[in-house]
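The values are calculated or read from the model by the stated rules, or taken from the named source; none is laboratory data. Keep in mind that this is a model prediction, so the values were computed, not measured. Here the Cβ positions follow ideal geometry from the backbone for every residue, glycine too, while neighbour counts run over all protein chains shown. Heavy atoms of the whole protein, side chains included, go into the accessibility calculation; ligands, DNA and RNA do not. Shrake-Rupley method; radii C 1.70, N 1.55, O 1.52, S 1.80 Å.
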Amino acid sequence: MFLLSGDLENFDLQYVKGIGPYNKKLLAKKGIKDIFELLTHFPRDYEDRRKIVSIGQLNLGFHTIKATVIDVMSRKSYHGPMRIEIIVGDETGRIPLIFFNQAYIAKVLKEDDEIIISGKVEFNYGRIFFNNPEWEKIATDNEVSLSHSRIVPIYHLTEGLSQNKLRKFIYNCLGFAKDRIVDPIPEIIKNKFDIPDEKYAIIRTHFPKNDEDFSDVRNFNTEHQKRLILDEIFYLQYYWGKRKIKIKSEPGISYRILKEKLNNFIKGLPFELTPAQKTALEEILNDMADKTPMNRLLQGDVGSGKTIVSLIAMLNAVYNGYQAAIMVPTEVLAQQHYIKISKLLSKFDIKVGLLYSKLKKSEQKKTNQSISDGSLHIVIGTHALFQGQVKFDKLGFIVIDEQHRFGVEQRMEMIGKGIRPDVLVMSATPIPRSLALTIYGDMDFSVINELPAGRKLIKTKSIVNNQDKLIEKIRSHFDKDEKSFVVFPLIEETEKMDLLSAEQGFEALSKVFGSENVELLHGKMKSDKKISVMDRFANKKVKILVSTTVIEVGIDVPEATLMIVMNAERFGLSQLHQLRGRVGRSNLPSECLLYTEHKKGARIKIMEKYNDGFDISREDFKLRGPGEIMGTSQSGVPPFKLFNVFRDRELVELSHDMIGEIKREYGGFNHPDLRNIELIIEKFYKEKIKYSEIL
Ligand code: ADP
Ligand code: MG
C-alpha cells in the first residue's frame with residue numbers, strides 16, 4: 001500500500017507512454033483505472049528467461065533463443081485460421097515459429113530481423129517448432145528488454161492486451177511514478193526491522209532482479225514481494241491495535257468474581273469441565289473483573305463445549321446484578337439454548353427468556369416488558385434482541401454465538417445501539433491464530449483446543465448412488481435406538497426443486513421407518529412448527545430428522561449418531577464440517593455419510609481424510625485461495641490477494657512486532673509521522689472494516 005504524491009492519484013492513464021485512449025479502455029475492463037491500480041496489478045506468475053540457448057540445443061519444453069528471421073510465410077487454409085510461419089535461424093540450426101490468426105506478425109517481421117523468442121517448443125508433423133511464442137526485436141542499446149534475458153512477469157490479461165504490452169505499460173508508468181511512491185511506514189521502523197522500501201518492493205515485484213533465486217520469485221518469497229504481503233496484514237493490524245486502545249480506554253463494568261456461587265453451579269453439572277474449558281473460563285472471568293470493557297473471541301471446534309463456558313460467565317454477570325443476553329443465528333438454535341439453559345438453571349433463582357422476531361406479538365410484548373423491567377436475567381434470542389423496541393434494564397454481558405453466521409447488517413444494528421457491556425464472541429470457525437489476529441485483531445482470544453474426554457472419532461464415508469445402502473445404514477442406527485439426521489441442500493430459499501427432494505426424502509423415509517419416527521424441518525416452515533419438530537427430535541421419540549441446512553450450526557442432540565448429507569458435493573467444506581459436528585456429541589460411536597449421485601469430488605475426499613477443523617480449513621484454503629478462508633468471507637475485512645495464512649505466519653508476527661515498536665517509538669498512534677498510515681487506512685480500509693467491528 002502506498003500513496004502517490006503530486007496529483008498522480010488522479011492522473012489519466014491514457015497519458016502513460018504507450019497506453020492511449022484505446023488501451024485505457026482495455027485496462028478499465030480489467031478493473032485498472034488509475035496509476036495505483038496499474039502498479040498494484042501484480043504478476044500472477046513469472047518465467048525464467050535469463051538463459052538463452054542456441055537452436056541446436058533445443059529440446060521440448062520452455063526455452064528462449066536469439067535468432068535471425070530467414071523466411072516469413074502466411075497461409076490461409078480453406079477452413080482453418082490464418083497461419084503464420086516464420087523460419088528463424090542461428091549458426092547452429094533453424095526452427096519455425098507458428099502463429100495462428102496474428103496476421104500482423106507477417107507485416108512487422110522481415111528477413112534479417114534479429115529477434116528474441118521465448119515459448120514452448122513442441123513436436124508435431126515430424127518436426128519441432130515454437131508454438132505461438134512471445135517474441136521481440138532485439139532492443140537497442142538504450143532500450144531495456146522487458147520480455148527476455150530476465151525473469152519475466154506474467155500477468156492476468158484481458159482480451160486485446162498482450163503480456164508484452166502490459167509489461168511496457170507498467171514499466172513506463174513506473175518510469176515517471178516511482179519517485180512519487182510514498183511509503184507510509186516511517187524510516188525508523190523500516191530500518192529497525194530491515195524491511196525494503198515500498199517503491200523498490202513495487203518495482204522488484206514486477207521486474208525481479210536477475211540474481212534472485214527463481215523459485216523464491218515464483219513462490220512470492222523474495223524480500224521485496226514479502227514486503228507487499230506484509231502490507232496486507234500491517235495496516236489492518238495497525239487499525240486493530242489502535243481500536244483496542246480505544247476500547248480499553250472506555251469505562252466498563254468491573255465485576256466481582258463470585259467463585260463460590262459459580263462453583264456451586266459447576267458442581268451440579270453432569271460432567272467435569274475440560275482443562276481447556278477451565279482455562280478459557282478463567283480468562284473470561286479475569287476480563288470481567290477488569291474495569292475496561294471485555295471484547296473476547298472464544299474459539300473452539302464444533303462440539304468442544306463453548307456454550308457451557310459462556311453460560312457460567314453469564315451467571316457471574318447475573319450474580320453481580322446485571323442482565324446477560326446470548327444472540328444466536330437461528331430460531332431453532334435459540335429455542336434449543338433456551339430449553340437447555342432453562343433446565344440447567346431450574347434449581348437456581350434465575351429467570352430465562354426467549355426472543356425472536358416471529359414470536360407471537362403478545363408474547364413478544366410480554367418478554368419485552370420483562371426485559372425492560374429487569375425481571376428476566378438471561379435472554380436468549382436471534383438478532384431480534386437488538387432490534388426495535390427491546391430495551392434492557394441493565395444489560396451487562398453479551399454473548400454472540402456462531403458469530404461468523406451473522407451478516408454485516410445485523411452487526412451494524414448492534415453498533416447502532418451503541419451498547420458497551422462486556423462482549424464474548426464465540427466461533428467454531430477453525431482459523432489459524434495468525435489469521436484470527438489479523439481479522440479479529442481488536443479482540444482477545446481464548447481457545448478451547450480439545451473435545452470432552454471420551455469422544456470418538458466420527459467415521460466419515462461417501463456413498464455413491466446407492467440408496468439401498470443408505471437405508472441399511474439408517475436402519476443400523478435406528479435399531480440401536482439412536483437418532484439420525486438426513487440433510488438436503490437448500491442453498492437458496494427459492495430453490496423449489498431442492499425443497500421437493502427434502503420432502504420426497506421425508507416421505508420415502510416415513511414409509512420405511514414409520515411416520516411417527518420421522519420428521520421434516522426446513523427454513524420455510526412457521527417458527528412454531530420448526531420449534532415443535534425440533535423438540536420432538538431432540539427430546540422425544542422421533543428418530544430421524546430430514547432437514548435442510550437450518551440445523552447446520554449449533555444444534556446439539558447428543559443421542560444423534562448418524563449424519564447423512566445428500567448431494568454432498570453441493571456444500572462447501574465449512575458447511576460439511578459444521579454438519580458433521582452435529583453428531584459425535586456423546587460417547588457413542590458416530591458416523592457421517594456423504595451421499596453423491598456421481599463420483600465423489602475433492603471436498604468429499606478431504607472430509608473422509610480429516611476430522612480436525614484446522615486441517616479442513618487448511619485444505620479449504622488450498623482449494624479456494626486466500627480470499628475466502630473458511631467462514632470468514634462474511635467478516636467484512638477486505639479480501640487478501642497475496643496473504644497466505646499457512647505460509648505467512650512469520651509476517652503476521654513481524655507486523656505485530658512492528659506495531660509494538662511504533663507504539664513505543666511514538667508513545668501511541670497519534671504522531672505526525674504516522675499520518676500517512678492513517679491516510680492509507682482511511683482510503684482503503686475504513687469503510688470496509690467498519691462492518692466487521694463487533695461493537
Ligand atoms: P459447541 O462448542 O459446538 O457449541 P456445545 O457447547 O454445544 O459445543 O457442547 C457440545 C456438547 O458437549 C453438549 O451436549 C454439551 O452439553 C457437552 N459438553 C460440554 N462440555 C462438556 C464436558 N466438559 N464434558 C462432557 N460433555 C460436555
Ligand atoms: Mg455452539
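Summary table below
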read-out: Check on F169, touching a strand residue (DSSP E or B) at 6+ places or on another chain (Cβ under 6 Å) and either outside any loop (DSSP other than H, G, I, E, B) or open to solvent by less than 80 Å² (accessible area, probe 1.4 Å) (or both); value: no
read-out: Yes/no for I87 being touching a residue at least 24 places away in the same chain (Cβ under 8 Å), surrounded by 11 or more Cβ atoms within 10 Å (Cβ to Cβ) and among the hydrophobic types (A, V, I, L, M, F, W, C); value: no
read-out: Lone unmet requirement of (1) surrounded by 18 or more Cβ atoms within 10 Å (Cβ to Cβ); (2) modelled with pLDDT under 85 for D422; value: (2)
read-out: Per-region count, the range 450-478, residues surrounded by 15 or more Cβ atoms within 10 Å (Cβ to Cβ) and in a loop (DSSP other than H, G, I, E, B); value: 5
read-out: Single match in N142, N101, N132 (criterion: open to solvent by 20 Å² or more (accessible area, probe 1.4 Å) and either modelled with pLDDT of 90 or more or of a type in the set (K, R) (or both)); value: N132
read-out: Count of the range 353-371 residues which are modelled with pLDDT of 90 or more, out of contact with any Asp or Glu (no Cβ under 8 Å at 6 or more places or on another chain) and open to solvent by less than 30 Å² (accessible area, probe 1.4 Å); value: 6
read-out: Qualifying residues in the range 535-581 (those that are closer than 15 Å to L593 by Cα and of a type in the set (V, I, T)) - the one farthest from the chain's Cα centre (by Cα); value: I544
read-out: Strands (runs of 3 or more DSSP E) contained in the range 281-357 and holding at least 1 residues under 30 Å from R243 (Cα atoms) and assigned by TED's automatic domain parsing to the domain that holds V390; value: 295-300, 323-327
read-out: Residue in the range 540-550 that is within 16 Å of ligand 1 (Cβ to nearest atom), assigned to a loop (DSSP other than H, G, I, E, B) and either modelled with pLDDT under 90 or open to solvent by 20 Å² or more (accessible area, probe 1.4 Å) (or both) present; value: no
read-out: Residue list for the range 555-577, filter: buried (at least 23 other Cβ atoms within 10 Å of the Cβ), modelled with pLDDT under 90 and within 12 Å of ligand 1 (Cβ to nearest atom); value: I555
read-out: Residues of the range 316-336 that turn out to be open to solvent by less than 10 Å² (accessible area, probe 1.4 Å) and either within 14 Å of ligand 2 (Cβ to nearest atom) or free of Cβ contacts under 8 Å to residues at least 60 places away in the same chain (or both), as a count; value: 6
read-out: Subset tally (residues that are open to solvent by 10 Å² or more (accessible area, probe 1.4 Å) and touching a Ser or Thr at 6+ places or on another chain (Cβ under 7 Å)) for the range 592-622; value: 2
read-out: Lone qualifier among S310, S346 - being under 23 Å from R433 (Cβ atoms) and of a type in the set (G, A, S); value: S310
read-out: Per-region count, the range 300-333, residues more than 14 Å from ligand 1 (Cβ to nearest atom) and not aliphatic (A, V, I, L, M); value: 7
read-out: Matching residues, the range 279-306, being modelled with pLDDT of 95 or more, β-branched (V, I, T) and either within 16 Å of ligand 2 (Cβ to nearest atom) or buried (at least 21 other Cβ atoms within 10 Å of the Cβ) (or both); value: I284
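Matching residues to (1) open to solvent by 60 Å² or more (accessible area, probe 1.4 Å); (2) in contact with a Leu (Cβ under 9 Å, 6 or more places away or on another chain); (3) at pLDDT below 95:
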site	(1), (2), (3)
K33	yes, yes, yes
I52	yes, no, yes
N59	yes, no, yes
V72	no, yes, yes
Y78	yes, no, yes
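Quick grid of which residues meet (1) open to solvent by 50 Å² or more (accessible area, probe 1.4 Å); (2) touching a Lys or Arg at 6+ places or on another chain (Cβ under 6 Å); (3) outside any helix (DSSP H, G or I):
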residue: K199; (1), (2), (3): no, yes, no
residue: T205; (1), (2), (3): no, no, no
residue: P208; (1), (2), (3): no, no, yes
residue: D211; (1), (2), (3): yes, no, yes
residue: K226; (1), (2), (3): no, no, no
residue: L236; (1), (2), (3): no, no, no
residue: W240; (1), (2), (3): no, no, no
residue: R243; (1), (2), (3): no, no, no
residue: N263; (1), (2), (3): yes, no, no
